[in-house]
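**Student:** The structure is given below, and queries will be raised subsequently.
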Protein chains: 2
Amino acid sequence: MKYAFANRVKHLKSSAVRDILKVVNQGNVISFAGGLPDDDLFPIEGIREAFSSAFASGKKSLQYIETEGYAPLRELLLERMKRKGIERSSINEVLLTTGSQQAIDLFARVMFDRGDVILTENPTYLAALQVFQSYEAKIIPVMSDEHGMLPDDLEYKMKKYKPKCVYVVPTFSNPAGKVWSLERRQKLLQLAQKKHVVIFEDDPYGDIQFNKDEVYTPIAALDDGNHVLYTSTFSKTAVPALRTGWIAGPNQILRIMSQAKQANDLHSNSLSHQALYHLCRNFDLDGHINNLITVYQSRMKLMLQHLQSLESLGVKYIEPKGGMFFWIELDESINTTELLQTAVQHGVAYVPGAPFYVDEPKQNTMRLNFTHSTPEKINEGMEKLTKVFQIHLQSV
Amino acid sequence: MKYAFANRVKHLKSSAVRDILKVVNQGNVISFAGGLPDDDLFPIEGIREAFSSAFASGKKSLQYIETEGYAPLRELLLERMKRKGIERSSINEVLLTTGSQQAIDLFARVMFDRGDVILTENPTYLAALQVFQSYEAKIIPVMSDEHGMLPDDLEYKMKKYKPKCVYVVPTFSNPAGKVWSLERRQKLLQLAQKKHVVIFEDDPYGDIQFNKDEVYTPIAALDDGNHVLYTSTFSKTAVPALRTGWIAGPNQILRIMSQAKQANDLHSNSLSHQALYHLCRNFDLDGHINNLITVYQSRMKLMLQHLQSLESLGVKYIEPKGGMFFWIELDESINTTELLQTAVQHGVAYVPGAPFYVDEPKQNTMRLNFTHSTPEKINEGMEKLTKVFQIHLQSV
């Protein structure tokens, strides 16, 4: 039987990252492809105890709850966001979601009719692009440099396209590993306020910050409370399997998103909400994050050493200040999508950069993850990648 | 700031059931309104042990997994469905979802463009109606009697409206508590096969069957494998908080739904998948379900006694053969939505029947849940409801 699907299905593609992961996970390949945290560092004892505490509160902990999620965890997230300067008035301005992915999806669902415009960085988080495409929004990329979106281009495109929203990952962006300057954050906010445009600030990596002396103020912390939706997740700081993210913003928008969530899944896994509440209360999550930072930074530095030795082959990169990724640019003659097959044959995988672009993809780019592999695997994988580069890149 | 939402937001309404629950839960009201299982019966020890087993498998249990969900649980669900006669060829035909609500939502997302037609019973599960409306599908109700949809009306509407899908809850339907006859199941399937229409069979309550001697064959078990999507959940048999449902059907459709799920939330809570796997393997879930049936049936019988004594006031109902609900019809002069306020003042709540209708709601209907209240509360609540009826209904 042939099935007739909705039009929006045309825009749904399986994520390149996840498809590659499927293949790579089956073989003996060292993968820098995924966006995975290192499971060896998962605080499994803390989480086990957190679940014990949740169970100790009795059978009611296993009943249906309200769509917005477990209230004490939302209360606690208000506190944690406050430490970053983000002030929300009450838990009615926090919605718990199944990972921050669902926050992006619910936002798009309540916001975009076909053809509505959203501005994004380019490249940007590809699963966000997939969501916006699936609701048939029109995605317009804004030009950026290493400090963030270029104000002139942003202003021009706000005027020309009248977007409903600007989607940004300003702190340790995925894939580019970039940090926006304070000036660029302020400029974006100022334009958004002037033009009545909503900013969607996606901050999954903000806590993985290598240099403690620097301050990267969330755009949500600069706002008057009306223009920024801020989303983050426990997937990178605690564990991914609990699929717990959240979104904070004006109640007018969250109320509608909550109605959409009710249709989507009634509510997220509330036993996990309770466990995460106990984890934050009884386990030193901030100390754990500091450990993660130490380990991840040393892995980044190790990968950096390998990349430095590749500069002679024209390999370009910026040293990340946090997050999980190196963004690499090779000679323009190289197509990293084509090169991937060869790399996998040599026993190493990465993500080609092209799918992260809204349009005009730079085919000579790739993303390397430094958090999931041990130092040994980083050395081994980078040696394999070096071999591939030596064969396919000419010295500059 | 005024925000501009998508058109589909107009179709999103907060569920009447959940809004009532919010109010009722704050007060001292006995509620027959929700669709809640009794938390006193939750197998908390079994679930606690199941989580221990999941944790015992180590830190990898907390990592990201594939969108389709934890493979061994999908394998196990193949077995459990086989016992009902539903044969699927592999785990590629099973997708784990955040409750069966998400299965309905993902299906609608990949299936309906604005104006595409879906046939449903009338009344039917209101949160399914909300989903279909939110994707701007055109919902056409089919006439039913106590044995299921009327074949003539079904055939007429299939011809006239060329639906993409028929949505049914054939076993202990919500809200009507009805069981379709085998003949009506076969007739629906035969028409769907002839007209190349997909049947979406929603079966959250099928396991809560009071009379063990009767057989209610799922429509999916009668099919050639191409025309029926079958969804169910652990929310009524194990616990709701783990938000684990599943959908089984042709891989061609599930593959697309899985891509939609990837955009929606990457994957559902996989620690819970693992725990539910261990629960099914190491805990006597079927024995537990038998206990539930015994308790729920005795509560149904108790509520039945009260309803029998109300027949003189023109109160009509059918004794449910399973599930969680009585569906009540009062004299046509009564509007149960208006009466609810009075009932709550008397200390008892129900769900008015109107929101369960696609159109032409019978304002004199209501749904009563008999699973969530203890026998004492059922007696107390039904006495209060009787008082309300005695004031507002005239003897017949």
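The values are calculated or read from the model by the stated rules, or taken from the named source; none is laboratory data. Just so you know, these numbers come straight off a predicted model, no measurement behind them. Cβ: placed from backbone, ideal geometry, glycine included. Neighbour counts: every protein chain shown.
**Student:** Condition first: crowded, with 24+ Cβ neighbours inside 10 Å, outside the structural domain of B:Gln297 (by TED's automatic domain parsing) and of a type in the set (A, V, I, L, M, F, W, C). Can you find one or more residues in segment B:202-218 that meet it?
**Tutor:** So far as segment B:202-218 goes, no, none of its residues is crowded, with 24+ Cβ neighbours inside 10 Å, outside the structural domain of B:Gln297 (by TED's automatic domain parsing) and of a type in the set (A, V, I, L, M, F, W, C).
**Student:** Further question on the same structure: Kindly check whether there is at least one residue in segment A:94-107 that is surrounded by fewer than 18 Cβ atoms within 10 Å (Cβ to Cβ) and outside any helix (DSSP H, G or I). Break it down stepwise before answering.
**Tutor:** So the first thing to find is which residues in segment A:94-107 are surrounded by fewer than 18 Cβ atoms within 10 Å (Cβ to Cβ), and the list is none.
No: zero hits.
**Student:** With the requirement that a residue be among the hydroxyl-bearing types (Ser, Thr, Tyr), within 14 Å of A:Ser309 (Cα to Cα) and assigned to a loop (DSSP other than H, G, I, E, B), what does segment A:357-396 give you? Give the steps one after another, and end with the answer.
**Tutor:** Looking only at segment A:357-396, we keep the residues that are among the hydroxyl-bearing types (Ser, Thr, Tyr), and these are A:357, A:365, A:371, A:373-374, A:386, A:395.
With within 14 Å of A:Ser309 (Cα to Cα) added as a condition, the list becomes A:386, A:395.
Hit for segment A:357-396 is A:Ser395, nothing else.
**Student:** Here's another thing I want to ask about it. Given the criteria aliphatic (A, V, I, L, M), touching a residue at least 24 places away in the same chain (Cβ under 8 Å) and buried (at least 24 other Cβ atoms within 10 Å of the Cβ), does A:Ala221 qualify?
**Tutor:** Taking the combined requirement at face value, the residue does not satisfy it.
**Student:** Next question, about the same structure. Looking only at segment B:230-287, how many residues end up being of a type in the set (Ser, Thr, Tyr), closer than 20 Å to B:Val198 by Cα and either part of a helix (DSSP H, G or I) or not assigned by TED's automatic domain parsing to the domain that holds B:Val198 (or both)? Steps first, answer last, please.
**Tutor:** Applying the first criterion (of a type in the set (Ser, Thr, Tyr)) to segment B:230-287 yields B:230-233, B:235, B:237, B:244, B:258, B:268, B:270, B:272, B:277.
If we keep only those that are closer than 20 Å to B:Val198 by Cα too, we end up with B:230-232, B:258.
Then keep just the ones that are either part of a helix (DSSP H, G or I) or not assigned by TED's automatic domain parsing to the domain that holds B:Val198 (or both); that gives B:258.
Residues flagged as of a type in the set (Ser, Thr, Tyr), closer than 20 Å to B:Val198 by Cα and either part of a helix (DSSP H, G or I) or not assigned by TED's automatic domain parsing to the domain that holds B:Val198 (or both) within segment B:230-287 amount to 1.
**Student:** Show the residue pairs that are 6+ apart or on different chains and have beta-carbon atoms under 7 Å apart, the first residue being within segment B:162-183 and of a type in the set (Ser, Thr, Tyr), the second being crowded, with 24+ Cβ neighbours inside 10 Å and modelled with pLDDT under 95.
**Tutor:** Final answer for the pair search is none.
**Student:** B:Gly287 - would you say it is of a type in the set (Gly, Ala, Ser), more than 14 Å from chain A (Cβ to nearest Cβ), under 30 Å from B:Glu214 (Cα atoms) and free of Cβ contacts under 8 Å to residues at least 40 places away in the same chain? Explain how you work it out, then say what you get.
**Tutor:** Values: of a type in the set (Gly, Ala, Ser): yes; more than 14 Å from chain A (Cβ to nearest Cβ): yes; under 30 Å from B:Glu214 (Cα atoms): yes; free of Cβ contacts under 8 Å to residues at least 40 places away in the same chain: yes.
So B:Gly287 passes the test.
**Student:** Identify the residue in segment B:239-266 that is touching a strand residue (DSSP E or B) at 6+ places or on another chain (Cβ under 8 Å) and farther than 19 Å from A:His11 by Cα and, among all such residues, is surrounded by the fewest Cβ atoms within 10 Å (Cβ to Cβ).
**Tutor:** Filtering first and then ranking leaves B:Pro250.
**Student:** When residues of segment A:74-93 are filtered for being over 16 Å from A:Asn251 (Cα atoms), surrounded by 14 or more Cβ atoms within 10 Å (Cβ to Cβ) and either modelled with pLDDT under 95 or not aliphatic (A, V, I, L, M) (or both), how many remain?
**Tutor:** 2
**Student:** Here's a follow-up. Which residue out of A:Val348, A:Val388 is assigned by TED's automatic domain parsing to the domain that holds A:Phe326 and touching a strand residue (DSSP E or B) at 6+ places or on another chain (Cβ under 6 Å)?
**Tutor:** Details: A:Val388 fails: touching a strand residue (DSSP E or B) at 6+ places or on another chain (Cβ under 6 Å).
After ruling out the rest, the residue left standing is A:Val348.
**Student:** On the basis of being buried (at least 24 other Cβ atoms within 10 Å of the Cβ) and within 17 Å of A:Ala6 (Cβ to Cβ), does B:Val168 make the cut? Break it down into steps so the answer makes sense when it comes.
**Tutor:** On the way: buried (at least 24 other Cβ atoms within 10 Å of the Cβ): yes; within 17 Å of A:Ala6 (Cβ to Cβ): no.
No.
**Student:** Say we look at segment B:63-73 and pick out the residues that are surrounded by fewer than 21 Cβ atoms within 10 Å (Cβ to Cβ) and assigned to a helix (DSSP H, G or I); which of these is nearest to the other protein chains (Cβ to nearest Cβ)?
**Tutor:** Only one residue fits best here, namely B:Ala71.
**Student:** When you check A:Leu126 against the structure, is it buried (at least 24 other Cβ atoms within 10 Å of the Cβ), more than 9 Å from every other protein chain (Cβ to nearest Cβ) and touching a strand residue (DSSP E or B) at 6+ places or on another chain (Cβ under 9 Å), yes or no? Give the derivation first.
**Tutor:** Details: buried (at least 24 other Cβ atoms within 10 Å of the Cβ): no; more than 9 Å from every other protein chain (Cβ to nearest Cβ): yes; touching a strand residue (DSSP E or B) at 6+ places or on another chain (Cβ under 9 Å): yes.
In short, no.
**Student:** On the given criteria, is B:Val179 aliphatic (A, V, I, L, M) and in contact with a Ser or Thr (Cβ under 7 Å, 6 or more places away or on another chain)? Before the answer, list the steps.
**Tutor:** Numbers: aliphatic (A, V, I, L, M): yes; in contact with a Ser or Thr (Cβ under 7 Å, 6 or more places away or on another chain): yes.
Taking the combined requirement at face value, the residue satisfies it.
**Student:** Same structure, new question: Filter segment A:32-46 down to the residues that are surrounded by 20 or more Cβ atoms within 10 Å (Cβ to Cβ) and facing chain B (nearest Cβ under 10 Å) and list them by number.
**Tutor:** Correct list: A:Gly34, A:Gly35, A:Pro37, A:Phe42, A:Pro43.
**Student:** Would it be correct to say that A:Ser90 is in contact (Cβ under 8 Å) with a residue 12 or more places away in the chain, away from every other protein chain (no Cβ under 14 Å) and in contact with a Leu (Cβ under 8 Å, 6 or more places away or on another chain)?
**Tutor:** Details: in contact (Cβ under 8 Å) with a residue 12 or more places away in the chain: yes; away from every other protein chain (no Cβ under 14 Å): yes; in contact with a Leu (Cβ under 8 Å, 6 or more places away or on another chain): yes.
Answer is yes for this residue.
**Student:** Would you please name the residue that is modelled with the highest pLDDT, looking only at residues in segment B:108-140 that are part of a loop (DSSP other than H, G, I, E, B) and within 23 Å of B:Thr67 (Cα to Cα)? So that I can check it myself, show each step before the final result.
**Tutor:** Here is the first cut: in segment B:108-140, the residues part of a loop (DSSP other than H, G, I, E, B) are B:112-116, B:121-125, B:135-137.
Right, trim to within 23 Å of B:Thr67 (Cα to Cα) and you get B:112, B:135.
On the way: B:Phe112: 96, B:Tyr135: 93.
Only one residue tops the list, namely B:Phe112.
**Student:** Inside segment A:167-188, can you point out the residues that are in a helix (DSSP H, G or I) and closer than 14 Å to A:Leu150 by Cβ?
**Tutor:** In the first step, residues of segment A:167-188 are kept if they are in a helix (DSSP H, G or I); the result is A:182-188.
Matches in segment A:167-188: A:Glu183, A:Arg184, A:Arg185, A:Lys187, A:Leu188.
**Student:** If I ask for residues that are over 23 Å from the mean Cα position of the chain (by Cα) and either buried (at least 20 other Cβ atoms within 10 Å of the Cβ) or at positive phi (or both), which ones from segment A:311-333 would you list?
**Tutor:** Step one: filter segment A:311-333 for residues over 23 Å from the mean Cα position of the chain (by Cα), giving A:311-315, A:330-333.
Residues satisfying the conditions are A:Gly314, A:Val315, A:Leu330.
**Student:** Sticking with this structure for a sec: Would you be able to tell me the number of residues in segment B:335-362 that are surrounded by 19 or more Cβ atoms within 10 Å (Cβ to Cβ) and either more than 19 Å from the chain's Cα centre (by Cα) or under 27 Å from B:Val239 (Cβ atoms) (or both)?
**Tutor:** Result for segment B:335-362: 11.
**Student:** OK, next. Report yes if B:Leu182 is modelled with pLDDT of 95 or more, over 24 Å from A:Tyr3 (Cα atoms) and of a type outside the set (Phe, Trp, Tyr), otherwise no.
**Tutor:** Numbers: modelled with pLDDT of 95 or more: yes; over 24 Å from A:Tyr3 (Cα atoms): yes; of a type outside the set (Phe, Trp, Tyr): yes.
Yes, satisfied.
**Student:** Has segment A:47-62 got any residue that is surrounded by fewer than 21 Cβ atoms within 10 Å (Cβ to Cβ), hydroxyl-bearing (Ser, Thr, Tyr) and assigned to a helix (DSSP H, G or I)? Let's see the steps before the verdict.
**Tutor:** The initial filter retains those residues of segment A:47-62 that are surrounded by fewer than 21 Cβ atoms within 10 Å (Cβ to Cβ), namely A:48-49, A:52-53, A:55-60.
The next check asks that each one be hydroxyl-bearing (Ser, Thr, Tyr); those that pass are A:52-53, A:57.
Remaining after also requiring assigned to a helix (DSSP H, G or I): A:52-53.
Yes - at least one qualifying residue is present in segment A:47-62.
**Student:** Continuing with the same structure: Just the residues that are more than 9 Å from chain A (Cβ to nearest Cβ) and either without any contact (Cβ under 8 Å) to a residue 40 or more places away in the chain or of a type outside the set (A, V, I, L, M, F, W, C) (or both), please, taken from segment B:246-272. Can you show your working first?
**Tutor:** Narrowing segment B:246-272 to residues more than 9 Å from chain A (Cβ to nearest Cβ): B:246-249, B:251, B:254, B:257, B:261.
Within segment B:246-272, B:Gly249, B:Asn251, B:Lys261 meet the criteria.
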